[in-house]
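Take a look at this one; I'll ask things after.
The values are calculated or read from the model by the stated rules, or taken from the named source; none is laboratory data. The model shown is predicted, which means the values in this text are computed figures rather than measured ones. We place every Cβ from the backbone using ideal geometry, glycine too, and count neighbours over all the protein chains shown. Just the protein is used for accessible areas: all its heavy atoms, side chains included, with ligands, DNA and RNA removed. Shrake-Rupley method; radii C 1.70, N 1.55, O 1.52, S 1.80 Å.
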Amino acid sequence: MTARPPLNRSLAEFGTTIFAEMSQLAVETGSINLGQGFPDTDGPASILEAAQRAIAQGRGNQYPPGPGIPELRRAVAEHRARNYGLDYDPDREVLVTAGATEAIAAALFGLLEPGDEVIALEPYYDSYAACIAMAGARRVPVTLRPDGDRFGLDLDELRAAVTDRTRLILLNTPHNPTGTVLGREQLAAIAELCVERDLYAVTDEVYEHLVFDGGAHLPLATFPGMRERTVSISSAGKTFSVTGWKVGWVCASPELTSAVRAAKQFLTYVSSGPFQYAVAEALALPPEYFASFTADLQAKRDLLGAALADAGFGVMRTQGTYFITADIRPLGFTGQQGADGAAFCRALPHRAGVVAIPSQVFYDHREQGAPYVRFAFCKRPEVLTDAASRLKALAAR
Ligand SMILES: Cc1ncc(COP(=O)(O)O)c(C=O)c1O
């Protein structure tokens, strides 16, 4: 045995995640698991059949081309052009990845060097911190703070976070876990900052089709000066309810795409062959599919949001994504050291038979997230209705 612990030091702070603990608790207590963000119904039948057809016809069963199959790269480019007026060359500016997760990893590994700083909006999706650490770079969180009934970005804080070492801004909108969607003015200001300080942007747009209340997703790449300095990332998992397929993509200038590909080729090299064919078909679904998908999730947000409010939570407004952030303080759950979402989430399955995730796990400044917990509403209506009646137990106390 060597004296040094086996785990690479850059990963030491990322122990086992709370998701495993909470999912285990859900099983042990027979609770409804609103912790992890995956749908409990599969995507459109035609798309599931397209994947089966691809396998049966021997399309994608062997290594697909490194950048992804041409059909999918074309479909990604057409989707981007149709929805946002952004033109990408499918041969030089689109790269297929193993979900958005690999795209994020490859973008960070491809663009960062040790000592670089990366600004990301806190609370953040858990892979960001780990990938920044593995790249030897430093994460600089800018905290989204409660602002009325939603979480908002303070642009002055963002500007103040930029230093001479800042290499890129990693931006996620619609934002997991807060449900915040950045508006046009804020995106314009972020774009100006990137241009002024000569920064790259890596944008995580996996919830691009989950903007509610008539709003629309605005890719940062559409803003002046950003087409050439943005690595735009999305994936099929959320939009088509096939999170297990792990088909994602990158759209960026040829230089940036090459940088991302240089790292990606040594991660998975390629993945999800037959599913790439199916996702190419999915991206070409008519606008009605996307509209009804958004409306369906919006109705689920409303159902769970009303249930949480009835149960006595403070409900933060979700403008997009799969998630609602709820404040536990109005429930009187303030704890001895102040509100503690982790203790609350450990108790919730026993008290109400429902599992949520404490938001503090998504923060560097844990105290900022302590009073909040995250619920996923991407579940069947009957599951949400059952959860709603269980949560009433909290109000009854
Ligand atoms: C913000 C965000 N980015 C990326 C991902 C991962 O996407 P994929 O499953 O395509 O790797 C998720 C999944 O929950 C997410 O919430």
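Please compute, for the alpha-carbon atoms of region 228-376, the extent along each of the three principal axes and give them in descending order in Å.
That gives 54, 36, 29 Å along the principal axes, largest extent first.
Once phi is turned into θ = phi - 60°, what whole-Hz ³J(HN,Hα) does the Karplus curve with 6.51, -1.76 and 1.60 give for every residue of region 205-217, x standing for Gly and Pro?
10, 5, 9, 4, 9, 10, 10, 9, 6, x, x, 9, 6
Straight-line reach only, C-alpha to C-alpha below 16 angstrom: list the lysines that LYS264 could link to, leaving out same-chain residues fewer than 8 apart.
Excluding near neighbours in sequence, the set is LYS246.
Sort HIS350, HIS365, HIS217 by heavy-atom solvent-accessible area, probe 1.4 angstrom, most to least.
Numbers: HIS350 130, HIS365 75, HIS217 15 Å².
In descending accessible area the options line up as HIS350, HIS365, HIS217.
Same structure, new question: Please report the relative contact order for the chain, taking Cα pairs under 8 Å with a sequence separation of at least 6, and give it as a percent rounded to a whole number. Numbers along the way, then the final one.
On the way: 818 pairs, mean separation 94.3, N = 397.
It rounds to 24 percent for the chain.
Quick one: net charge of ALA98's neighbours, Cβ under 11 Å, K/R +1, D/E -1?
Values: positive: LYS246, LYS264; negative: GLU102.
Overall, the nearby charge balance is +1.
Can you check what the net charge comes to around LEU220, using other residues whose Cβ is under 10 Å from the Cβ of LEU220 (Lys, Arg +1; Asp, Glu -1)? Numbers along the way, then the final one.
On the way: positive: ARG227, ARG229; negative: GLU205.
Summing Lys and Arg as +1 and Asp and Glu as -1 gives +1.
Still on this model: Per-residue counts of other Cβ atoms within 10 Å, averaged by peptide: what ranking do you get for 353-361, 42-50, highest first? Walk me through the numbers before you get to the answer.
On the way: 353-361: 25.0, 42-50: 15.8.
Ranked by mean Cβ neighbours within 10 Å, highest first: 353-361, 42-50.
List the trypsin sites (Lys or Arg not before Pro) in region 181-237 that DSSP assigns to loop (not H, G, I, E or B) and whose Cβ has at most 15 other Cβ atoms within 10 Å. Which are they?
Values: sites: ARG184, ARG197, ARG227, ARG229; in loops: ARG197, ARG227, ARG229.
Within region 181-237, the qualifying trypsin sites (Lys or Arg not before Pro) (loop, at most 15 other Cβ atoms within 10 Å) are ARG197.
Within region 209-288, which GluC sites (Glu not before Pro) sit in a loop by DSSP and count at most 16 neighbouring Cβ atoms inside 10 Å? Display every interim value, and only then the final one.
Working: sites: GLU228, GLU255, GLU281, GLU288; in loops: GLU228.
Answer in residue order: GLU228.
Quick check on the chain: helices-only [θ] at 222 nm, where DSSP H runs of length 4 and up contribute -39,500 (n - 2.57) each and the sum goes over total residues. Nearest 500, please.
Values: 14 runs with 164 residues, N = 397.
Calculated at 222 nm, the ellipticity per residue is -12500 deg cm²/dmol.
Something else about it: Taking the Cα centre of the chain as origin, work out the dipole magnitude from +1 charges on Lys and Arg Cβ and -1 charges on Asp and Glu Cβ, in debye rounded to 20. Walk me through the numbers before you get to the answer.
Values: 37 positive and 45 negative charges, 155 e Å.
Result for the chain is approximately 740 debye, rounded to the nearest 20.
Counting DSSP beta bridges with both partners in the chain, what percentage is antiparallel, nearest 5? Mind dumping the intermediate values first?
Values: 21 of 42 bridges.
For the chain, the DSSP antiparallel bridge percentage is about 50.
Still on this model: So, for the chain, what is the accessible surface per residue at a probe of 1.4 Å, expressed in square angstrom? Don't skip to the answer; put the middle values down first.
Working: 16490 Å² over 397 residues.
Computed with neighbouring chains in place, this is 42 Å² per residue.
While we're on this one: What net charge do the residues around GLU157 carry, taking every other residue with its C-beta under 13 Å from that of GLU157, with Lys and Arg at +1 and Asp and Glu at -1?
Details: positive: ARG145, ARG159; negative: GLU122, ASP147, ASP154, ASP156.
Summing Lys/Arg as +1 and Asp/Glu as -1 gives -2.
Rounded to the nearest percent, how much of the accessible area of the chain (1.4 Å probe, protein heavy atoms only) is carbon and sulfur?
Numbers: 8490 of 16490 Å².
C and S atoms contribute 52 percent here.
Return a whole-number percent for the relative contact order of region 159-231, with Cα pairs under 8 Å and 6 or more residues apart as the contact set. Write down the numbers at each step before the final one.
Working: 88 pairs, mean separation 26.2, N = 73.
It rounds to 36 percent for region 159-231.
So, one more: Output the antiparallel fraction of DSSP beta bridges having both residues in region 124-247, as a percent to the nearest 5.
25 percent
If you don't mind, there's one more thing I want to ask. With only alpha-carbon atoms in the gyration tensor, what are the semi-axes of the equivalent ellipsoid for the chain, in Å, largest first? Intermediate results must be reported in sequence, preceding the final value.
Numbers: eigenvalues 209, 134, 91 Å².
After scaling each eigenvalue by five and taking roots: 32, 26, 21 Å.
Same structure, new question: Residue by residue through region 61-72, which ³J(HN,Hα) values in whole Hz follow from phi under the Karplus form 6.51 cos²θ - 1.76 cosθ + 1.60 (θ = phi - 60°), with glycine and proline marked x?
6, 9, 2, x, x, x, x, x, 5, x, 4, 6
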